[in-house]
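Trainee: My questions all concern the structure below.
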Number of protein chains: 2
Amino acid sequence: MLPLLLALAQIAAAPPSPADPIEADWRAIPDDELLVMTLRGDRRVVIRLAARYAPDHVANVRRLALAHWWDELSVYRVQENWVAQWGDRTEQKPLPAGVTDRPAAEFEIAGFAPAQRMGRPDSYATASGITADGWPVASDGQHAWLTHCYGMVGVARDALPSTGSGAELFTPIGQSARRLDRNYTVVGRIVAGMQWLSALPRSDAPMGMYAGKEEEWPIVTARLASDIPAAERPHYQYRAADNPRFAAAIARRAHPEPPTVGLGGASVCDVPLAVRKAP
Amino acid sequence: MLPLLLALAQIAAAPPSPADPIEADWRAIPDDELLVMTLRGDRRVVIRLAARYAPDHVANVRRLALAHWWDELSVYRVQENWVAQWGDRTEQKPLPAGVTDRPAAEFEIAGFAPAQRMGRPDSYATASGITADGWPVASDGQHAWLTHCYGMVGVARDALPSTGSGAELFTPIGQSARRLDRNYTVVGRIVAGMQWLSALPRSDAPMGMYAGKEEEWPIVTARLASDIPAAERPHYQYRAADNPRFAAAIARRAHPEPPTVGLGGASVCDVPLAVRKAP
């Protein structure tokens with residue numbers, strides 16, 4: 001909220017901080033763990049896939065992308081302070097060969113051993129933190145799960161016991177969708193272009209469903225990076241969390257420098273999970 | 001995420017729940033505690049003012065509105081997953097008579113005695129809850145404060161010790177601005193029309209500042225409801241929290257009916273704070 005010129009001067013003058021990453025903290029995201037969705041108007045949304053945490057649903061997502069299944073479908077639901085959702089609103093388009101309609105549930109993940117633990121209990125869990133490879137996780141001591149933070153990508157589904165195939169995807173665009181934790185499968189998070197979904201017009205219709213083709217925002221293509229010609233393929237890196245720089249970044253959130261009043265904690269959804277284009 | 005027709009059928013068939021408000025739970029918001037801001041395109045944003053919690057800053061906001069100070073100014077900053085901010089980006093427009101440029105800080109509020117306490121510690125506080133009159137609050141045991149949830153309205157300021165006058169206002173449009181708690185004065189919350197701010201195009205410029213007049217979204221008028229002719233004046237009611245129906249609504253968030261898996265808690269920012277037009 002600082003005046004612009006003052007803030008810019010401070011950014012320019014800032015010395016390196018113990019919370020800044022070093023080069024070794026940046027690790028490559030594999031090409032087959034990046035989904036590049038281009039919306040009308042050359043709006044590119046880049047999704048990192050949670051291949052280690054929801055392998056069966058991510059396998060479906062990969063097959064859907066390799067079959068170019070999302071091309072010419074749309075973002076068809078944008079509900080204020082809730083989610084944007086895309087895919088085939090009719091749920092009539094046949095799924096490509098090899099995509100399982102009802103994969104086993106992956107609402108939870110195996111083990112809870114984050115590289116960084118948040119210092120305070122979470123409103124939705126007894127513990128939370130960030131994995132070494134940069135994913136937000138929470139646990140109740142028995143189960144663990146990826147958290148539905150802003151920009152995470154979940155698998156839409158019918159009523160339980162459906163788990164959804166991964167053809168219909170959504171991302172939280174508001175305060176919190178944490179109450180979806182352990183009830184929906186998380187397959188990724190948006191690492192670039194979130195604004196192309198978060199700033200779409202809201203629909204006042206039930207569940208934020210757009211009225212029809214005129215309101216929908218078309219998907220032009222959705223490709224695995226590994227399926228994009230090498231010369232055009234984007235490469236991204238995530239900031240690894242298993243190092244003291246990351247710990248310092250979390251600590252700075254909880255205990256900022258005076259005169260800013262620190263609150264002694266922060267939500268796992270409020271930890272910056274940095275991603276950059278490979279230099 | 002349910003299919004639309006199934007979800008609509010469920011809504012239509014839902015019997016009254018212990019979490020539903022009764023008529024007596026709806027209480028009038030005084031006309032001088034409503035700020036009605038109309039943006040270009042007849043986009044109406046309605047703000048409930050936190051007169052009891054930040055009286056000096058709300059007094060300023062009232063004087064600014066009565067002087068029609070915001071008319072022909074703009075929303076000039078929209079930063080992805082952070083805030084939308086409005087007022088006079090030049091900070092050159094003289095403030096009306098009676099508006100104090102540097103009111104005493106109102107970062108904190110007197111006392112912490114919410115009508116409903118959240119069952120779990122909060123990531124940013126040791127306790128949190130909802131006041132009888134429907135505001136989210138948190139406390140560390142010594143201090144208490146209104147929380148910067150999505151849609152709350154805060155007072156932008158220069159570097160401390162400035163508190164801001166109330167002329168420049170912002171609202172969180174993303175995951176969380178809770179780390180602003182106790183560092184910025186909260187003067188209200190948006191009770192209608194949030195989508196006219198949350199869906200504005202993001203700016204990639206530093207701090208999300210729009211490039212200039214072409215990008216800014218104009219404010220046509222901003223009026224206290226009490227300053228609007230009676231025939232056109234909107235009337236709103238809030239849902240009071242000092243009753244067992246509200247407690248049941250919070251409990252339902254934390255402990256939904258199976259097969260939905262409950263998480264045993266919810267964030268104070270995830271409690272529905274209902275407001276409706278007076279019938």
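The rows are residues; the columns are (1) under 24 Å from A:GLU80 (Cα atoms); (2) under 22 Å from the mean Cα position of the chain (by Cα).
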| residue | (1), (2) |
| --- | --- |
| B:GLN195 | yes, yes |
| B:PRO201 | yes, yes |
| B:ALA205 | no, no |
| B:ALA211 | no, no |
| B:TRP217 | yes, yes |
| B:ARG223 | no, yes |
| B:GLN237 | yes, yes |
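Trainee: In this structure, is B:TRP86 among the aromatic types (Phe, Trp, Tyr), touching a Phe, Trp or Tyr at 6+ places or on another chain (Cβ under 9 Å) and more than 14 Å from every other protein chain (Cβ to nearest Cβ)?
Mentor: No, not satisfied.
Conditions tested, residue by residue: (1) within 14 Å of chain A (Cβ to nearest Cβ); (2) free of Cβ contacts under 8 Å to residues at least 60 places away in the same chain.
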| site | (1), (2) |
| --- | --- |
| B:ALA104 | no, yes |
| B:GLU108 | yes, no |
| B:MET118 | yes, no |
| B:SER128 | yes, no |
| B:THR131 | no, no |
| B:SER139 | yes, yes |
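Trainee: Could you please let me know if B:ALA167 is surrounded by 20 or more Cβ atoms within 10 Å (Cβ to Cβ), part of a loop (DSSP other than H, G, I, E, B), of a type in the set (A, V, I, L, M, F, W, C) and touching a residue at least 12 places away in the same chain (Cβ under 8 Å)?
Mentor: yes
Trainee: Do we find that A:PHE112 is hydrophobic (A, V, I, L, M, F, W, C), farther than 18 Å from A:SER267 by Cα, within 22 Å of the chain's Cα centre (by Cα) and modelled with pLDDT of 95 or more in this structure?
Mentor: no
Trainee: For B:ALA266, are the conditions met, namely being touching a residue at least 12 places away in the same chain (Cβ under 8 Å), under 30 Å from B:ARG117 (Cβ atoms), part of a loop (DSSP other than H, G, I, E, B) and out of contact with any strand residue (DSSP E or B) (no Cβ under 8 Å at 6 or more places or on another chain)?
Mentor: yes
Trainee: I would also like to ask the following. Hey, among B:ALA132, B:ALA125, B:ALA110, which residue is crowded, with 21+ Cβ neighbours inside 10 Å and either among the basic types (Lys, Arg) or under 30 Å from A:SER123 (Cβ atoms) (or both)?
Mentor: B:ALA125
Trainee: Within 11 Å of another protein chain (Cβ to nearest Cβ) and in a strand (DSSP E or B): is that true of A:ALA159 in this structure?
Mentor: Judged against the criteria, A:ALA159 is not a match.
Trainee: Of everything in the range A:170-183 that's more than 7 Å from chain B (Cβ to nearest Cβ) and in a loop (DSSP other than H, G, I, E, B), which residue is nearest to A:SER267 (Cα to Cα)?
Mentor: The qualifying residue nearest to A:SER267 (Cα to Cα) is A:ALA177.
Trainee: Which members of the range A:242-263 meet the condition of being facing chain B (nearest Cβ under 7 Å) and touching a Lys or Arg at 6+ places or on another chain (Cβ under 9 Å)?
Mentor: A:ARG253, A:THR260, A:VAL261, A:LEU263
Trainee: In the list A:ALA192, A:ALA222, which residue meets the criterion of being at pLDDT 95 or above, crowded, with 22+ Cβ neighbours inside 10 Å and more than 15 Å from A:PRO136 (Cα to Cα)?
Mentor: A:ALA222
Trainee: Kindly indicate the residue of the range B:206-219 that is surrounded by 13 or more Cβ atoms within 10 Å (Cβ to Cβ) and facing chain A (nearest Cβ under 9 Å) and also nearest to B:HIS235 (Cα to Cα) among those meeting that condition.
Mentor: Among those residues, the one meeting the criterion is B:MET209.
Trainee: I would also like to ask the following. Mind listing whichever residues of the range A:185-198 are facing another protein chain (nearest Cβ under 7 Å) and closer than 20 Å to A:LEU73 by Cβ?
Mentor: Matches in the range A:185-198: A:MET194, A:SER198.
The values are calculated or read from the model by the stated rules, or taken from the named source; none is laboratory data. A quick note: this is a predicted structure, and the numbers were derived from the prediction, not measured. Neighbour counts run over all protein chains shown; Cβ positions are idealised from the backbone, glycine included.
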